[in-house]
Amino acid sequence: MIAIKGGLLLTPSDQFDPGLLVTRGGNIEYAGPFCTDRIPRGVRVVEAAGRMIVPGFIDLHVHGAGGTLFSAARDRGDVREAELAALSTGTTAFLATVGSIGLSSKSDYIRALELLSGEVGSGDGSRARLLGIHLEGPNLSGTRPGVSKAWPKEGFGDPLCDMRDLLRAARGTVRMAVVAPELSEAERLIRFLSGAGVIVSVGHTDASYETGLEALAWGATHATHTFNAMRPFHHRDPGIVAATLLSPNVTNEIIGDGVHLHPAAARLVPQIKPPGKVVLVSDGVGLETAETGSRVMLGGVELRVLRDRVTLLDGTLAGGRLPLNMIVRNMVELSGLSLKSAIELATVNPARELGLENTGMLAPGNRADVTVLEPDFTVFLTCCGGVVHFSDARREG
Ligand SMILES: [Zn+2]
């Protein structure tokens with residue numbers, strides 16, 4: 001049991017400063033205005049004055065953490081290290097996203113999915129929760145591959161059979177899969193995946209507006225890092241970007257780090273979409289703690305780590321550097337979103353997208369997934385299912 005007192009606390013309907021949050025077991029017992037009577041006797045009290053008490057972040061699109069790429073994890077120990085590292089950025093739950101870096105054949109994918117699926121749902125609060133797998137491929141456009149280039153061909157044949165094999169290897173843990181709608185097999189794939197309960201995301205695509213609308217009619221409901229690795233929006237050729245932004249049922253991911261999108265483009269998306277239909281994602285490749293200026297080999301690819309980005313040696317963006325706490329900061333400080341709105345894009349919205357009950361909001365009875373941020377948005381502590389992790393032991397109080 002723990003009481004976090006004195007900071008700015010965001011609840012679904014209000015904000016309180018000073019606020020108070022009390023946990024019991026793995027759940028929230030109280031979240032509201034500070035009141036001494038609400039602190040149970042003998043409970044451990046953490047001082048959060050001057051800080052922000054918000055729900056734990058939920059990252060639907062992240063490839064790794066703490067130096068580990070999920071697709072290149074050798075064993076469960078590697079996956080768990082990444083889950084632990086995610087907590088230090090305020091992320092308490094995520095989808096392990098598997099792209100093509102580090103994997104060179106279908107059998108590599110099968111092995112990665114078997115390993116990751118064994119970790120889904122195993123969290124006990126000691127690490128961030130792995131909620132499921134996000135397949136960023138293999139059915140992507142050859143003209144909008146992003147850093148992935150093309151997925152490897154070895155072992156892959158009929159797209160539908162391959163997808164069945166991948167889902168089987170993941171034993172029901174694939175929650176989201178990306179399909180480029182202009183591919184000849186796209187309709188069958190999208191219908192099959194959505195029928196299997198997988199959220200279908202359009203992405204890495206050169207689709208027109210019309211093809212984009214068709215994909216939504218077939219069952220796609222999500223858009224992968226909107227604007228990035230998509231046919232660019234043009235006023236006479238608005239492309240799939242417009243199809244997804246104008247469809248109220250589609251949830252749009254944005255990498256609001258100030259690098260992948262101009263801050264104004266990042267601001268545009270929540271302004272167009274209905275509330276609840278935008279999620280911030282990091283697209284992180286696990287290099288959030290790597291030294292700025294360093295070169296790193298990741299899954300056989302050499303990357304350059306800059307202050308706010310990770311690139312191939314030719315300058316192509318290679319996934320994200322900034323984790324969600326820093327992306328939330330940039331949405332507030334660069335894009336001009338309110339703190340409440342920016343936090344919702346990284347907490348309650350992704351929780352709703354996955355249909356998670358009792359997660360993503362600081363309210364009594366909900367899971368005690370909480371992040372306490374410093375005024376500069378670095379993480380002071382993370383509470384995962386009621387288990388407290390200080391990002392710096394010296395500040396424990
Ligand atoms: Zn990605």
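The values are calculated or read from the model by the stated rules, or taken from the named source; none is laboratory data. Bear in mind the structure is a predicted one, so any value in this text is a computation, not a measurement. Please note: Cβ atoms are built from the backbone with ideal geometry, for glycine as well, and neighbour counts cover all protein chains shown.
Taking the range 200-212 only, how many residues are surrounded by fewer than 23 Cβ atoms within 10 Å (Cβ to Cβ) and out of contact with any Pro (no Cβ under 9 Å at 6 or more places or on another chain)?
Matching residues across the range 200-212 total 2.
Here is a list of conditions, (1) touching a Ser or Thr at 6+ places or on another chain (Cβ under 9 Å); (2) at pLDDT below 95; (3) not assigned by TED's automatic domain parsing to the domain that holds residue 225, and residue 12 meets all of them except one; can you say which number that is?
Failed condition: (1).
Out of curiosity, is residue 303 within 16 Å of the ligand (Cβ to nearest atom), under 21 Å from residue 263 (Cβ atoms) and touching a Ser or Thr at 6+ places or on another chain (Cβ under 9 Å)?
So residue 303 does not fit the description; no.
Tell me, please, whether a residue that is at pLDDT below 95 and part of a loop (DSSP other than H, G, I, E, B) can be found in the range 45-59. Please lay out each step first, then the result.
Taking the range 45-59 and keeping what is at pLDDT below 95, we get none.
For the range 45-59, residues at pLDDT below 95 and part of a loop (DSSP other than H, G, I, E, B): absent.
Do we have residue 83 as within 18 Å of the chain's Cα centre (by Cα) and either of a type in the set (Asp, Glu) or away from the ligand (no atom under 16 Å from the Cβ) (or both) here?
The answer is yes for residue 83.
Has the range 204-217 got at least one residue that is within 16 Å of the ligand (Cβ to nearest atom), out of contact with any Phe, Trp or Tyr (no Cβ under 9 Å at 6 or more places or on another chain) and not charged (D, E, K, R)?
Yes, the range 204-217 contains at least one residue that is within 16 Å of the ligand (Cβ to nearest atom), out of contact with any Phe, Trp or Tyr (no Cβ under 9 Å at 6 or more places or on another chain) and not charged (D, E, K, R).
Every residue in the range 70-85 that is under 14 Å from residue 133 (Cβ atoms) and touching a Leu at 6+ places or on another chain (Cβ under 8 Å), please.
Matches in the range 70-85: 70, 71, 73, 79, 83.
For the range 86-109, which positions are touching a Leu at 6+ places or on another chain (Cβ under 7 Å) and more than 16 Å from the ligand (Cβ to nearest atom)? Break it down into steps so the answer makes sense when it comes.
Going residue by residue through the range 86-109, those that are touching a Leu at 6+ places or on another chain (Cβ under 7 Å) are 89-91, 93-96, 98, 101-102, 109.
Within the range 86-109, 89, 90, 93 meet the criteria.
Can you name every residue in the range 230-271 that is basic (Lys, Arg) and touching a residue at least 12 places away in the same chain (Cβ under 8 Å)?
231, 267
Output the number of residues of the range 312-347 satisfying the condition of being in a loop (DSSP other than H, G, I, E, B) and closer than 19 Å to residue 11 by Cβ.
Number of matching residues: 4.
Can you find even one residue in the range 338-354 that is without any contact (Cβ under 8 Å) to a residue 60 or more places away in the chain and touching a Ser or Thr at 6+ places or on another chain (Cβ under 9 Å)?
no
For residue 226, all conditions in the list (1) part of a loop (DSSP other than H, G, I, E, B); (2) at pLDDT below 95; (3) hydroxyl-bearing (Ser, Thr, Tyr) hold save one; what is the number of the exception?
Only one criterion is unmet by residue 226, namely (2).
Determine, yes or no, whether residue 282 is in a loop (DSSP other than H, G, I, E, B) and away from the ligand (no atom under 16 Å from the Cβ).
no
Taking residue 299 as meeting all but one of (1) at pLDDT below 95; (2) closer than 27 Å to residue 233 by Cα, write down the number of the exception.
The one condition residue 299 does not meet is (2).
Tell me, yes or no, whether the range 236-251 has at least one residue that is in a strand (DSSP E or B) and surrounded by fewer than 17 Cβ atoms within 10 Å (Cβ to Cβ).
Yes: one or more hits.
The conditions are (1) surrounded by 23 or more Cβ atoms within 10 Å (Cβ to Cβ); (2) among the hydrophobic types (A, V, I, L, M, F, W, C); (3) more than 16 Å from the ligand (Cβ to nearest atom); (4) closer than 26 Å to residue 73 by Cα, and residue 290 fails exactly one of them. Which is it?
Among (1) surrounded by 23 or more Cβ atoms within 10 Å (Cβ to Cβ); (2) among the hydrophobic types (A, V, I, L, M, F, W, C); (3) more than 16 Å from the ligand (Cβ to nearest atom); (4) closer than 26 Å to residue 73 by Cα, the lone unmet condition for residue 290 is (1).
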